[in-house]
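Trainee: First, the structure itself, so that you have it in front of you.
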Amino acid sequence: MYLSDDFRLKVGLAEMLKGGVIMDVTNVEQAKIAEKAGASAVMALERVPSDIRKEGGVSRMASIKIIRQIMDTVSIPVMAKARIGHFMEARILEALGVDYIDESEVLTPADEEHHIDKKTYKVPFVCGARNLGEALRRIAEGAAMIRTKGEAGSGNIVEAVRHIRTIVKEMKHLTILGKEELVHEAKNLGAPLELVEWVAANGKLPVPNFSAGGIATPADAALVMQLGAEAVFVGSGIFKSEDPDSRARAIVKAATYYNDPVKLLEASEELGEAMRGLDVSKLPESELLQTRGW
Amino acid sequence: MKTIGILALQGDFDAHRKAVERAGGRPVEVRTAKDLDACDGLIVPGGESTTMLKLLDIENLTEPLRQFAARKPVFGTCAGAILLAHSVTKPAQPSLNLIDIDVERNAYGRQIDSRITRVQAGDDELEAVFIRAPKILRVGSGGKILATCDGDPVWVEQGRHMVTTFHPELTQDSRVHQRFLEKLTT
């Protein structure tokens, strides 16, 4: 599967998005601001995560009319979110022709046991993960890009840091194990042995590894990139801040110059108030989005 | 060994790094004008041309890049080809005008229309990965078409510079990168 033309094309687009910022947008105006600021792609959704958190209710795939307007307006790739396990929302988005589908824990799950069988689609998928087992299960299902889940809509980077560190640490651990130990590890991770062996041999995921969930500042973006993320998704962090336009530009700059403190200082200067953050440790378990997905 | 800079503002610069190594060059990432000093040639990778344009602009890299190109070879793939073109449409956007071609962005469709195919390069065939690829609508009289796909030019060389609308960095075949490396020695 991993060498098929189909999968190479899916991973190929993810390669093109590296070093960039994928921004959540809910309408055409926001999509235009994002593109102008230098976003490498936009993610169309009904409501940004912090509003989903506040307003509650069932959160679904975005309005087709709005996604189509966004596709007609910007020249960068357009992604859209489908509910976990909602393989028909995904089929509709594929028919619409979006460039990537995010099977996302930010929306209300449609299936509490199964994810979408992503191999059967022509359109590529990205999925969230908190640890290596979850990442490899999603890849086994056909995901061509992994992102940390973090805690969407919190404006708090702590969960994304936890998730990227966990994934990187678990991958490093595999590289020092013997063949027979990998079988046991595959069982512990709940992931196919073939993928566990691939990671052990290469020390990385077989697909690009991005970060999402709680990124609100240029420094946050640089932090997760330093920890091993190859690009970032920013959700509520931009359009829930005081200054979406300049903040979007600053985070784009930070994703490129994550290794250059002077450029990061330039990016951080003259920014207004970031979005108001949440202390994730005080959130009740039932309000966490990251625990959705199996 | 020749040092190839890879513009690492955004895009698949990491895939180019590996491709340069396979072809026998030494890759370095380029994010500032100063990084260019060490380079014998420069690759502008695939990615999003609007993002790269934005960063070239705010980091004042356009002029240093032009000066570099006046002396040394530059190779653009996909978004890189768009940046190097004479003019760009759909939408119209600025470009560096290093190679006399006109291109139309995303001319073959969206991601679901992306494909891997064989293209004709003289007597040889090459595997070519097209991802939301641009189309070369016109090649100036100084340009040499090195490969075509369904009649469209997909690999064009003009003097020391060259562009492909496909992604040779996403295959194991090093011939395109090797040709670029050869341009550095002559």
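The values are calculated or read from the model by the stated rules, or taken from the named source; none is laboratory data. These numbers were taken from a predicted model, which means no experiment stands behind them. Note: ideal-geometry Cβ built from the backbone for every residue, glycine included; neighbour counts use all protein chains shown.
Trainee: Show the residue pairs that are 6+ apart or on different chains and have beta-carbon atoms under 6 Å apart, the first residue being within the stretch B:159-176 and within 12 Å of B:VAL20 (Cα to Cα), the second being assigned to a helix (DSSP H, G or I) and of a type in the set (Val, Ile, Thr).
Mentor: The qualifying pairs are B:PRO168/B:VAL176.
Trainee: Looking only at the stretch B:9-42, count every residue that is within 14 Å of chain A (Cβ to nearest Cβ), within 22 Å of B:PHE130 (Cα to Cα) and either out of contact with any strand residue (DSSP E or B) (no Cβ under 7 Å at 6 or more places or on another chain) or crowded, with 23+ Cβ neighbours inside 10 Å (or both) and tell me the total. Explain how you work it out, then say what you get.
Mentor: Initially, the stretch B:9-42 is screened for residues within 14 Å of chain A (Cβ to nearest Cβ), giving B:9-19, B:28-35.
Still in the running and within 22 Å of B:PHE130 (Cα to Cα): B:9-19.
From the residues that got through so far, the ones that are either out of contact with any strand residue (DSSP E or B) (no Cβ under 7 Å at 6 or more places or on another chain) or crowded, with 23+ Cβ neighbours inside 10 Å (or both) too are B:9-16, B:18-19.
Residues meeting the conditions: 10.
Trainee: Sticking with this one: Do you know which residues across the stretch A:29-57 are surrounded by fewer than 16 Cβ atoms within 10 Å (Cβ to Cβ) and either under 20 Å from B:ASN106 (Cα atoms) or among the hydroxyl-bearing types (Ser, Thr, Tyr) (or both)?
Mentor: Within the stretch A:29-57, A:LYS32, A:LYS36 meet the criteria.
Trainee: I've got another one for you. Test A:MET16 against the criterion of being farther than 19 Å from A:ARG138 by Cβ and crowded, with 24+ Cβ neighbours inside 10 Å, and give yes or no. I'd like the intermediate steps shown before the answer.
Mentor: Values: farther than 19 Å from A:ARG138 by Cβ: yes; crowded, with 24+ Cβ neighbours inside 10 Å: yes.
So A:MET16 passes the test.
Trainee: Only one of (1) of a type in the set (A, V, I, L, M); (2) in a helix (DSSP H, G or I); (3) over 13 Å from the mean Cα position of the chain (by Cα); (4) modelled with pLDDT of 95 or more fails for B:LEU184. Which number is that?
Mentor: Result: B:LEU184 passes all but (4).
Trainee: Here is a further query. Starting from residues that are among the acidic types (Asp, Glu) and in a strand (DSSP E or B), keep the ones in the stretch B:77-125 and report whichever is farthest from B:HIS167 (Cα to Cα). Let's see the steps before the verdict.
Mentor: Narrowing the stretch B:77-125 to residues among the acidic types (Asp, Glu): B:100, B:102, B:104, B:113, B:123-125.
Now restrict to residues that are in a strand (DSSP E or B): B:102, B:104, B:124-125.
Values: B:ASP102: 19, B:GLU104: 17, B:ASP124: 17, B:GLU125: 15 Å.
By that ranking, first place goes to B:ASP102.
Trainee: Any residue in the stretch B:128-137 that is under 16 Å from B:VAL74 (Cβ atoms) and either crowded, with 22+ Cβ neighbours inside 10 Å or within 12 Å of another protein chain (Cβ to nearest Cβ) (or both)? Outline the logic, then answer.
Mentor: From the stretch B:128-137, those under 16 Å from B:VAL74 (Cβ atoms) are none; that's our starting set.
Taking every residue of the stretch B:128-137 in turn, none turns out to be under 16 Å from B:VAL74 (Cβ atoms) and either crowded, with 22+ Cβ neighbours inside 10 Å or within 12 Å of another protein chain (Cβ to nearest Cβ) (or both).
Trainee: Shifting gears a bit: For the stretch B:138-169, how many residues are surrounded by fewer than 21 Cβ atoms within 10 Å (Cβ to Cβ) and among the hydroxyl-bearing types (Ser, Thr, Tyr)?
Mentor: Residues in the stretch B:138-169 being surrounded by fewer than 21 Cβ atoms within 10 Å (Cβ to Cβ) and among the hydroxyl-bearing types (Ser, Thr, Tyr): 2 in total.
Trainee: Can you name every one of the helices (runs of 4 or more DSSP H) wholly within the stretch A:177-280 that holds 2 or more residues which are under 30 Å from A:LYS32 (Cβ atoms) and away from every other protein chain (no Cβ under 13 Å)?
Mentor: Numbers: elements: A:179-189, A:193-202, A:218-226, A:236-239, A:244-256, A:261-268.
Of the helices (runs of 4 or more DSSP H) lying wholly inside the stretch A:177-280, those with at least 2 residues that are under 30 Å from A:LYS32 (Cβ atoms) and away from every other protein chain (no Cβ under 13 Å) span A:218-226, A:236-239, A:244-256, A:261-268.
Trainee: Something else: So which pairs qualify, if the first residue must be in the stretch B:73-92 and within 22 Å of A:ALA41 (Cβ to Cβ), the second must be at pLDDT 95 or above and of a type in the set (Phe, Trp, Tyr), the Cβ gap must be under 8 Å, and the two must be at least 6 apart or on different chains?
Mentor: Cβ pairs passing all conditions: B:THR77/B:PHE166; B:CYS78/B:PHE166.
Trainee: Of all residues in the stretch B:30-56, how many are farther than 14 Å from A:SER40 by Cα, more than 15 Å from the chain's Cα centre (by Cα) and not hydrophobic (A, V, I, L, M, F, W, C)?
Mentor: Selection size over the stretch B:30-56: 6.
Trainee: Among the residues of the stretch A:17-36 satisfying the criterion of being facing chain B (nearest Cβ under 7 Å) and touching a residue at least 60 places away in the same chain (Cβ under 8 Å), which is nearest to A:TRP198 (Cα to Cα)?
Mentor: We begin by selecting, within the stretch A:17-36, every residue facing chain B (nearest Cβ under 7 Å); these are A:18-20, A:35.
Filter once more, so that each one left must be touching a residue at least 60 places away in the same chain (Cβ under 8 Å): A:18-20.
Working: A:LYS18: 21, A:GLY19: 24, A:GLY20: 26 Å.
This residue is A:LYS18.
Trainee: Is there a residue in the stretch A:227-243 that is over 24 Å from A:LEU107 (Cα atoms) and among the hydroxyl-bearing types (Ser, Thr, Tyr)?
Mentor: no
Trainee: Something else: Scan the stretch A:116-141 for residues that are surrounded by fewer than 22 Cβ atoms within 10 Å (Cβ to Cβ) and more than 14 Å from the chain's Cα centre (by Cα) and jot them down.
Mentor: A:ASP117, A:LYS119, A:THR120, A:TYR121, A:LYS122, A:GLY133, A:ARG137, A:ALA140, A:GLU141
Trainee: When only residues in the stretch A:240-294 that are more than 30 Å from B:THR32 (Cβ to Cβ) and of a type in the set (Lys, Arg) count, which is surrounded by the most Cβ atoms within 10 Å (Cβ to Cβ)?
Mentor: The qualifying residue surrounded by the most Cβ atoms within 10 Å (Cβ to Cβ) is A:LYS240.
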